[in-house]
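First the structure, in the form of structure tokens, and then the observations on it.
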Amino acid sequence: MIWKSTNTNGEHSFFNSKEDLFKHLRENKELLIDAKKSVIQKSVDKGSAVVSKCLDLLKFTDQLKGIKIDDNFYYIAVNSTMILDSHDDLHDNGIWKKSVQEIQGKNYLVCDHELEVLQTITRKEHIEIFTAKVPFSLIGQPYDGDTEILVYKIPKNQIKLDAVKEWLDSGDSIEASVRMRYVTILLAMDSNNPEDETEKANYDAYINKIANKNDFEYIPYFYIIKEAQNVRESSLVVAGSNHATGLINNNKNQAEKSLEEIEAEQSLQINEQLKKLLNKF
């Protein structure tokens, strides 16, 4: 069996044994973590964009106690926690707690992570940002339990792009992606080497919290993201550029599919979404 690790760019290193993989992670731990912290990442590039309709939070008032829900606003989830992505990163609950306090009135909602005037959906002064604990079903994920979502609350009369407003009002699904920088990261490894005592404790503490654990045959290691910053904007996107990447590498239900089959499925999904949008004009 071949074992692999994934770097920040989505590139893989391969090893002949699990022990060799753990040795690589152990000896390069600081370098690997610093590399993840050093770059601006977009969740859409990690196969972890949030696929959902504009959130109907009125259905979840019990979970959102203390938050006033107003029908004059759109509520858009731009990120979620406890799902392992294609770069072996697990966003922990509380990841956005500090950032939310720092970015109020500073972040835009844009199209496709293009921070340009003509791609701006809503200006920063009109966006309220908060986190909320909701069922996975609210963001279109077939997992049990709850997730913590990062929400952009936007006045319906402050959408600057007509095509986006049409899409949001239609109820059609759309993907949202967050631009982020990691701040605090823990390594988790399923290693019995005494040198990896801390990493093994991290693994045991979190492995059963991974909502999509059953999508994997086995998870030898992962990174726990304890804190991240939402940098300057979040985006609405038609489809993730490598949404299938995580499935090809890790999802046992898709492991037997050919690359051509997966690319064909992805292309069909994109075309169907584009047709829906174009038919509205």
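Read-outs throughout are calculated quantities, based only on the coordinates presented, and are distinct from any laboratory measurement. The model shown is predicted, which means the values in this text are computed figures rather than measured ones. As a convention, Cβ positions derive from the backbone with ideal geometry for all residues, glycine included, and neighbour counts pool all protein chains shown.
For this structure, a couple of remarks:
- From least to most packed, judged by other beta carbons within 10 angstrom and beginning with the fewest, Trp96, Trp167 follow the order Trp167, Trp96.
- Straight-line reach from Lys209: taking Cα to Cα under 18 Å and skipping same-chain neighbours fewer than 8 places apart, the aspartates and glutamates in range are Asp85, Asp88, Asp89, Asp92, Asp144, Asp146, Glu148, Asp190, Glu199, Glu217, Glu227.
- In plain terms, the residue of Lys18, Lys153 with the fewest other Cβ atoms within 10 Å comes first and the most crowded comes last, giving Lys18, Lys153.
- Rough spin-label spacing in nm, given labels placed 7 Å along Cα→Cβ, for Ile40 and Glu217: 3.9
- Per-pair calculated FRET efficiency, R0 = 22 Å: Ile69 and Asn93 via Cβ, rounded to 0.05: 0.55
- Under 13 Å from the Glu102 label point (7 Å along Cα→beta-carbon), backbone N, region 186-227: 227
- Ascending count of other beta-carbon atoms within 10 Å, so fewest first, for Ile2, Ile224: Ile2, Ile224
- Length gained on full extension, Glu166 to Glu116: 15.9 nm, using 0.36 nm per residue less the C-alpha separation.
- When each of Lys42/Lys165; Lys4/Lys200; Lys106/Lys133; Lys46/Lys160 is checked by Cα-Cα distance, pairs over 26 Å: Lys46/Lys160
- Placing +1 on the Cβ of every Lys and Arg and -1 on the Cβ of every Asp and Glu, with nothing else charged, gives region 184-225 a dipole about its Cα centre of roughly 220 debye.
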